[in-house]
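Bear in mind that the values in this text are calculations on the coordinates, not laboratory data. Nothing here was measured: the structure is a model prediction, and the numbers come from that model. Here the Cβ positions follow ideal geometry from the backbone for every residue, glycine too, while neighbour counts run over all protein chains shown.
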Amino acid sequence: MAKLNVNGKVQDYQADDGTPLLWVLREQLGLTGTKYGCGIAQCGACTVHIDGVPTRSCVMPASAIKPTQKITTIEGLSKDGSHPVQKAWVALDVPQCGFCQSGMIMAATALLKAKPNPTDKEIDEAMTNICRCGTYNRVRAAIKSVAAGGKTKKAQNDNGGGIIHVADLAETERSAS
């Protein structure tokens, strides 16, 4: 039986060689926070970390991952939603439907680990996940909030466009719909 190190625990699984990691996580290990969106590594809903690197699990064969490699899913960030990125997502009301958000959170977590104070350009380059609800401004605000220590409910735009206030952002999005 093959083994995967998922969220700090080595687990056995049995699957064909080409089975994507996503399906092993969801169907065999019961970790359903990682979502299926497109199946072609474009949308990012299936993003997990493999040794800290954000990876689209829908196209990564589980058999290609060594038991020594560490996989972290959304469930592995924290047991109670207390990870700073998760807290910022809640504080800033980032999700609407929420379907893509586990992948977004995983991508944002990897970005902030690599670049603790990312610029708007770095956020744009790292956050390639698709959000059908269009919550990109809230995602950016949440990333900026975490970079600022999570102690603020406002985040500075890099382009000199001023401060994004959470209340203003929410009102702007309501007005646009």
Worksheet item: Hey, which of these cross-link pairs are over 19 Å Cα-Cα: Lys3/Lys66; Lys87/Lys144; Lys87/Lys121; Lys35/Lys113; Lys35/Lys121?
Response: Lys87/Lys121; Lys35/Lys113; Lys35/Lys121
Practice prompt. Arrange Lys79, Lys144 by Cβ neighbour counts within 10 Å, fewest through most, would you?
Written response: Lys79, Lys144
Worksheet item: Which of the peptides 113-125, 28-40, 84-96, 44-56 is most tightly packed, and how do the rest follow, judged by the mean count of other Cβ atoms within 10 Å per residue?
Response: 44-56, 84-96, 28-40, 113-125
Discussion item. Can you tally the net charge around Gly33? Count Lys and Arg as +1, Asp and Glu as -1, for every other residue whose Cβ sits under 13 Å from the Cβ of Gly33.
Written reply: +2
Item to complete: Enumerate the residues in segment 7-37 having an amide nitrogen under 12 Å from the point lying 7 Å beyond the Cα of Lys113 toward its Cβ.
Response: 7-8
Response to the item:
If R0 = 22 Å, then Ile40 and Lys121, at their Cβ-Cβ distance, give a FRET efficiency to the nearest 0.05 of 0.25
Worksheet item: So how much slack lies between Lys3 and Ser78, counting 0.36 nm per residue of separation and subtracting their Cα-Cα distance, in nm?
Response: 24.8 nm
